[in-house]
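Everything on this sheet refers to the single structure shown next.
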Amino acid sequence: MEAVDFSLLMDQLHSLNQLGLDKSAQLLADMLVFNCSIKNRFLLASYGDSLYNDEQYNRALHYYRQALTAEAGSQSDSDIKNVSEGRIQWSIYKCYLKLRQYDDAIHALLSVPVKQRTIQIELALAKLYQNFKKDNNNAVMYYRMVLMKCPFALEAVTALLSLGVSLAQLVAIFRQHSPSLSSYNWLSVWLKAQENISLYQYADALRDFETLNKSGFTLSPENNSQIGWIMSKLLKKSQAIELFKKACVQDPYVINYMDTFGRLLSSKSSNPTNSKLADQLLAVSSLHPQPLVVKIWSLLRTQKRSNATHVQILIQKINNIMSSLEAGKSEKSYLLGTISLSRQKYEEAIVSYQEAIRIDPSFFEAYESLLRCYLICRGYRAAFSTMSSAVKSIKIPSQQLYLEAIVLASKPGTEAKAIKCLENAVKLDKTFDRATIALCHSLTQSTQTVPKAIEMLKDILKVHQSAPLYYELAKCYELLKHFVEALENYEISVRMDPDFNDAVSSLLSLQEKMSSGDTLMEFEREGERGGGDENEPAEAKENLSDILFGQVGEGTPAASRDLGGDVSAFPVLDFGEEEEEEGEGDY
């Protein structure tokens with residue numbers, strides 16, 4: 001072979017990599033590697049880089065390993081060509097991470113001499129130990145190293161808080177390595193909010209963000225998304241949706257917590273906002289789980305059988321996404337549990353809900369759904385054990401009482417205790433629509449107690465208004481044949497939430513009934529007569545357990561059906577049964 005100026009060609013190879021022309025770099029490096037008389041570390045590492053960028057991870061590993069034993073660049077070489085061992089081990093780590101070989105990824109990073117370990121390597125080790133090895137001690141050690149070198153590594157701060165390190169300890173590290181912290185009052189408040197989130201003290205975290213906002217600090221899209229997520233943890237669905245919308249107006253491409261937004265939107269059947277949000281997020285990234293989760297929620301809510309295959313493909317795609325963060329994984333697990341629950345595959349649903357709770361021990365909706373699965377297929381004891389764990393993990397008393405009511409309502413002889421739990425939950429939080437509606441349903445099993453339900457709802461509506469509550473009040477009036485009052489409250493409910501399908505259909509039905517030929521006066525006279533024996537059930541009678549978790553029609557829980565569109569805990573996934581074709585699985 002004629003003499004070749006390899007130095008010039010390697011300069012060209014470097015330029016190709018810098019320009020992102022990976023395929024060209026790959027072709028050139030391939031020929032140079034097998035025509036260079038000596039193994040050259042820069043050449044082999046560059047070849048590995050081009051293969052990595054082409055997603056040929058095992059092949060890239062092969063050449064990175066060769067680079068480790070190859071001749072390093074001489075002192076006369078530029079820094080670009082003098083490739084360090086640490087740089088190659090970092091590349092090897094990235095390949096193992098893509099291949100999900102986490103032990104090998106850790107070994108690659110630990111092979112880098114301590115003095116050569118960058119902050120990037122230490123942060124990667126911390127994430128691997130936290131998320132894949134579940135070794136919190138080593139995770140804390142490496143996060144601390146990162147923070148001591150870079151006090152504003154806020155990712156390390158939030159991770160340390162989630163691992164139980166106190167804010168006081170972190171502030172001490174800040175002050176030691178960045179004395180100017182005291183001049184950033186807004187940062188201190190933000191850190192306090194993150195600590196409260198890590199302790200599941202969501203109401204306190206919300207107050208911290210309110211303090212931040214009142215101080216003149218403009219809340220960013222990420223801030224508003226996180227506050228929306230906090231609102232969802234407090235079961236303030238409407239406020240959460242508005243905050244998520246605000247974040248999207250500020251930045252249409254924000255991703256964090258958008259999976260929660262998608263779940264909340266999915267409670268409104270065929271909500272066009274959900275589909276638009278999904279497409280918008282997928283345009284930003286298909287390598288994060290959040291956009292895919294939102295897309296699946298939007299597909300499930302259209303209730304078309306043809307979407308089943310698409311959903312399966314997206315689920316597989318989510319499972320193949322590589323991320324060293326837990327962000328989005330609890331929502332993904334909850335979604336998978338919901339799909340299994342809708343198909344009455346309770347044991348599969350239990351596994352998914354348990355995973356969602358493992359990642360986020362304060363996930364109320366996951367506990368709620370898990371209890372339902374246990375009560376259906378494992379019985380009271382399993383449900384009671386789960387409820388006890390939930391009470392320890394969920395720091396919001398009204399939510400604790402509601403979950404307790406679910407379990408008590410399932411056991412004969414303890415329904416009165418369940419009702420008492422619901423009453424106490426409503427007293428503690430008049431904005432807790434779930435508890436209010438369940439309690440209202442327990443009172444509307446007989447026309448004799450419907451007036452009590454009306455008084456309770458009117459009392460709550462003085463301090464808290466929501467479309468579901470006006471809808472429930474309208475239903476109570478309709479049970480008593482007070483159609484004018486029913487009509488007024490249906491109209492208020494629809495005005496408050498035009499996408500509230502149950503309220504819209506009930507309003508249209510009542511309007512048709514009132515204009516069908518019978519006069520309003522005749523309806524009112526019927527109402528005055530009471531419509532029959534006041535001791536008869538106002539409608540088909542359900543016990544409290546049926547109200548909270550009963551099956552209605554195609555597996556739709558009664559509580560979900562009657563939550564006035566707020567069915568984020570139990571979406572209606574009516575795909576039906578498809579005929580199984582040979583060689584294909586069912587969905």
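The values are calculated or read from the model by the stated rules, or taken from the named source; none is laboratory data. Please read these numbers as outputs of a predicted model, since none were measured by experiment. All Cβ positions, even for glycine, are placed from backbone atoms using ideal geometry, and neighbour counts span all protein chains on display. With ligands, DNA and RNA removed, areas are computed over all heavy atoms of the protein, side chains included. Shrake-Rupley method; radii C 1.70, N 1.55, O 1.52, S 1.80 Å.
Please find the FRET efficiency linking residue 11 to residue 155, where r is the Cβ-Cβ separation and R0 is fixed at 45 Å, and quote it to the nearest 0.05.
Using R0 = 45 Å, I get an efficiency of 0.80.
Would you mind getting me the FRET efficiency between residue 317 and residue 36? Use the beta-carbon distance for r and R0 = 56 Å, nearest 0.05.
Working: r = 40 Å, r/R0 = 0.72.
Rounded to the nearest 0.05, the efficiency is 0.90.
Order 266, 188 by their accessible area, 1.4 angstrom probe, all chains in place, largest first. Write down the numbers at each step before the final one.
Details: 266 0, 188 55 Å².
Listed by decreasing accessible area, they come as 188, 266.
Just report the Cα centroid separation between region 87-132 and region 493-518, whole Å.
Using only Cα atoms to place each centre, the spacing works out to 60 Å.
Please tell me which of these pairs span more than 32 angstrom C-alpha to C-alpha: 94/392; 276/513; 236/276? Show your work: numbers first, answer last.
On the way: 94/392 39 Å; 276/513 36 Å; 236/276 23 Å.
The pairs that break the limit, which is 32 Å between Cα atoms, are 94/392; 276/513.
How large is ³J(HN,Hα) for each residue in region 209-222, as worked out from phi by the Karplus curve 6.51 cos²θ - 1.76 cosθ + 1.60 (θ = phi - 60°), to whole Hz, x for Gly and Pro?
5, 5, 4, 4, 5, 5, 6, x, 6, 7, 6, 7, x, 5
Give me the net charge for the shell around residue 257: Cβ to Cβ below 10 angstrom, other residues only, Lys and Arg +1, Asp and Glu -1.
Numbers: positive: none; negative: 222, 259, 331.
With Lys, Arg at +1 and Asp, Glu at -1, the neighbours total -3.
From the Cα gyration tensor of region 430-515, with a ≥ b ≥ c the square roots of its eigenvalues, which class applies: rounded if a/c is under 1.5, or else prolate if a/b is larger than b/c, or else oblate?
Details: a/c = 1.90, a/b = 1.18, b/c = 1.60.
Oblate, because a/c is 1.5 or more while a/b does not exceed b/c.
Roughly speaking, what is the stretch gain from residue 163 to residue 213, that is 0.36 nm per residue apart minus the C-alpha to C-alpha distance, in nm to one decimal? Before the final figure, lay out each step's value.
Working: separation 50, 0.36 × 50 = 18.00 nm, distance 2.73 nm.
Computed gain between residue 163 and residue 213 is 15.3 nm.
From the phi angles alone, apply the Karplus equation (6.51, -1.76, 1.60; θ = phi - 60°) to region 353-358 and give each ³J(HN,Hα) in whole Hz, x where the residue is Gly or Pro.
5, 5, 5, 4, 6, 4
What whole number of Å gives the distance from the Cα centroid of region 172-238 to the Cα centroid of region 399-467?
What the calculation gives is 33 Å, centre to centre.
Taking R0 as 41 Å, what FRET efficiency do you get between residue 348 and residue 420 from their Cβ-Cβ distance, rounded to the nearest 0.05? Could the numbers behind the result be given before it?
On the way: r = 34 Å, r/R0 = 0.84.
Calculated value: 0.75.
Ranked by accessible surface with a 1.4 Å probe, highest first, in what order do 175, 117 come? Before the final figure, lay out the partial values.
Working: 175 150, 117 40 Å².
Solvent-accessible surface, decreasing: 175, 117.
Roughly what would the spin-label model give for residue 184 and residue 508, points 7 Å off Cα along C-beta, in nm?
5.4 nm
Rank these by accessible area, largest first, 1.4 Å probe: 85, 368.
Numbers: 85 70, 368 5 Å².
Per-residue accessible area, sorted high to low, gives 85, 368.
Explain nothing, just compute: Karplus ³J(HN,Hα) = 6.51 cos²θ - 1.76 cosθ + 1.60, θ = phi - 60°, for every residue of region 22-36 in order, whole Hz, x for Gly and Pro.
Once rounded to whole Hz, the list reads 4, 5, 5, 4, 5, 5, 5, 4, 4, 6, 5, 4, 8, 10, 8.
Please work out how much length the chain gains when fully extended from residue 102 to residue 382, using 0.36 nm per residue of separation minus the C-alpha to C-alpha distance, in nm with one decimal.
97.4 nm
Between residue 82 and residue 119, how many nm apart are label points set 7 Å from Cα along the C-beta direction?
Computed distance between label sites residue 82 and residue 119 equals 2.4 nm.
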